[in-house]
1. When the expected Rg is taken as 2.2 N^0.38 Å, what fraction or multiple of it is the alpha-carbon Rg of chain A?
2. With point charges of +1 on the Cβ of Lys and Arg and -1 on the Cβ of Asp and Glu, referenced to the Cα centre of the protein assembly as shown, which listed residue (A:74, B:68, A:102) lies farthest in the positive direction of the dipole?
3. Any aspartates and glutamates with Cα under 19 Å of the residue B:80 Cα? List them, leaving off those in the same chain fewer than 8 positions away.
4. If the only charges are +1 at each Lys and Arg Cβ and -1 at each Asp and Glu Cβ, what is the size of the charge dipole of region B:148-250 around the Cα centre, to the nearest 20 debye?
5. Enumerate the lysines that residue B:113 could reach by cross-link, defined here as Cα to Cα under 18 Å, with residues fewer than 8 away along the same chain left out.
6. Can you give the angle from 0 to 90° between the axis of helix A:275-284 and the longest principal axis of chain A, with both taken from C-alpha atoms, to the nearest 10?
7. How many percent of Cα pairs in region A:64-211 exceed 26 Å?
8. Return the calculated 222 nm mean residue ellipticity for chain A, to the nearest 500 deg cm²/dmol, obtained by summing -39500 (n - 2.57) across DSSP H runs with n ≥ 4 and dividing by the residue count.
Amino acid sequence: MFQYLIKRLLYSIPIIIGITVITFAVMYFTPGKPVDTMMDFNPNITSEAKDRLVKLYGLDKPVHEQYWNWFKRVIVLDFGNSFKDGRPASEKIIERIPATILLNILSIILMLIVAVPVGIYSAVRKYSLFDRILTVIVFICFSAPVFWVALMLMIVFGLWLGWLPISGLTSFDFNELSFFAKTWDLASHLILPVIVSTLGSFAVLSRYIRSGMLDVLKQDYIKTAYSKGLSERQVIFNHALKNALLPLITIIGLSIPGLIGGSFIIETVFSYPGMGRLGFDAIMARDYPVIMGIGVISAFLTLLGNIVADILYAVADPRIRYR
Amino acid sequence: MKSEKLDIKKIVLLFCFLFFFSCSSEKTDQQDVTSDNSSPVYGDAFIIASLSDASYLNPVLASDTSSSLVLGQIFNGLVKYDKDLNLTGDLAESFEVSKDGLEIIFKLRKNVKWHDGVPFTAQDVKFTYETLIDPNVKTPYSSNFTIIKDFKIIDDYTVKVIYDKPFAPNLERWGMSIIPKHIFEGHDINTAAANRNPVGTGPYKFKSWQTDQKIILEANPDYFEGKPYISRYIVQIVPDQAVQFLELRKQSLDAVTLTPDQWYAYDSFFKFYNKFREPAFAFTYLGFNMQRKPFDDKKFILAMQLAINKKDIIEGVLLNTGKEAIGPYPPQSWAYNADIPESEYNPQKAAEMLKELGFEDINNDGWLEYKGKQFEFTITTNQGNKQRELTAQIVQEQLKKIGIKTNVRIIEFSTFINQYIAKREFDAVIMGWSLTLDPDQYSLWHSKQTAPREYNFLSYNNPEVDGLYEKARSIFDIETRKKIYYRIQEIMEKDPPCIFLYYPDSMQAVHKRFKGINPAPIGIYHNFIEWWVPKSQQRYFFSDR
């Protein structure tokens, strides 16, 4: 097991390097060069000064050399300065992490709390009225456009009922509030974005659980359990559930990069200061240091998520052993 | 089923009732006009919406509207326009222009302090001037100040500016915000920490900036015109206009710019708001990159103008909250030449002109080819301005009728400016200019103003217009200047620098609890420091020292 882990970690090194090569290449071949952006802020720049800047940024060198220089800096976690406002890219990314992780962890938790029972119930009561209603609801959730749902919820809960704030992360007087008021302020701002970002993934996950459970219920050992005279409750919760939940591990593992990923649409509609808006703005503004920074971090987390999922599999399922 | 439906209706009605009832009971005294006569009190906050975050909180570097929304409250210039559009002193107590127009003497106010307590002196003015003309500073405003021949400090509170040539708009240009020497000296201003933590002289002090969320300013108790009544000035970043409107209906924003369809929304939505509508000092245009073919030919632009029905655009996009444009000056400007007729809409004539230029549909696919090659161009405009997006679509449809194929591309604002405009990477753009009150538009149309960050990015080049703009800015007499600007508009009718589409109105909603608003030709914000909220209606409270 330990050996396997070492092997996986070693394997992921070339993969990460490969990802950075591809990210860099895509960026390099995108029209518009970083130095152009820098120079456009300066109306009085002469052609000599341009050449000097090109040299300064190493853009006169061949591609492989440029990549190598970038790579050397990234190894020491230096992602360079943002072109938009001159601040370090890492600072801009780190600034977004708390709000992004908060939103995503809450929506993953909510997703699990709702999707697991729903999936199990509709598997156990397959084709019942409840299952059919749930199926319809799930498909509605899955196919409704996120921004529309967000606006509707804002109108109902923000405007008509007035229970929740419409957008933003905190009220402007947040710093002057007491601890409990702060908690409530934050929580009330989070409720709608969390619900909206859960909807789509909830639909997918509950379907997974339902089909996983259905597969398990067909197994011989379940029939054995029934024939031993166990109650349905015991069969489902003691025998079937554990195996049905195995696919969940993969899904949770794969959602680790999503933790800092963020969604542009949800963040824009809710004026939420997350990674999605930063990434989107960076791409739109050709802010390469920020794009590369976000790219590398999410590649790293994706690999990490995969490894974590594999390990959890081995822990949860005795049939699986890595060598 | 029927009874169920009825129940839902009842519940909704009940909620609506509860909502309105609870709100109106809270604010019954709001409609009470007599409270206007009682004396102003301090307190409360003013929350204004912005679609995007500021870039730099430094008036020398920033040129975006989001930044200037904040900067206007933190900094002062030497002069400003009063509510009736006359120039008056701001940081300058008084000013004097010599008879030949070559010298201006500014007498500065003596009791002005920067927000950190350091006194404001002539040194700061000189420092600002030197920063603006420093070639290493990334400022778009340099050309306004490089024409200064000499800048002299006479004493701590008197400065003298000497010009080579008389320059009519020079006084207005000193509305440029003055930055503090003691903060920036010895730092690279392009990357200085104070760009995110500004120190100014204005009515509000910087308090905090949460990236992409909000910028909070607090009243400056030592402001030289008196402490503002409203305790906080808050710019809330809400990137979606529909959400801004929802926030307005929930009364969590105090000032929101309205789109034409929002302006015509149900009266009940504005129960707690006053609406203000005034002609903006601006125009919106369709401009072509005249460095590219065939846009360098004025006949092509004239043909496009014939093919575009401006009335359709104003009706469809602005819902008639605007006026058809005939040139670069809006009707309320003294330079507006009312003799210029509105441009003709005649697609047939446009098609004939295009044929003369070498446009022809050779392969019968319905689209015109230019000199035997397939022809299409892209109209680019910025994201987040729905009016421009809609205008682009209408123009696209209208040009389709004469066989000109266009694509519409909508790009996030700062990318649009930095990547497309500054690099001349565009065929055509739909954009607008917010104008200064002085009619000098040298920087927009003079053929020398074409460096990457300068404003004649359409590359308009008409030697006669160049000459007239140079001449007009050297004359102080308004009647003489007027004649020159009239002439410029006549030339632009024949050789248009772009297609002037419309003069928009500016519309906004401001919460009714704010008293002391005094709409004037310059707008409503000229006396913001005198706005106040009666104690009983204040919504936000602060424990100010």
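1. Compared with the compact-globule rule of thumb, chain A sits at 1.25.
2. It is A:102, whose Cα lies furthest towards the positive end.
3. The qualifying aspartates and glutamates are B:90, B:93, B:96, B:103, B:124, B:172, B:225, B:438, B:440, B:530.
4. 220
5. Partners within reach: B:126, B:181, B:205, B:207, B:227.
6. With rounding to tens, the tilt is 40 degrees.
7. The calculated P(r) of region A:64-211 puts 49 percent of pairs beyond 26 Å.
8. Taking each H run of at least 4 residues, the total per residue is -23500 deg cm²/dmol.
The numbers here are math on the coordinates, done by the rules we state, and not lab data. Computed from a predicted model, the values in this text were never measured in an experiment. Positions of Cβ are backbone-derived with ideal geometry, glycine not excepted, and every protein chain shown enters the neighbour counts.
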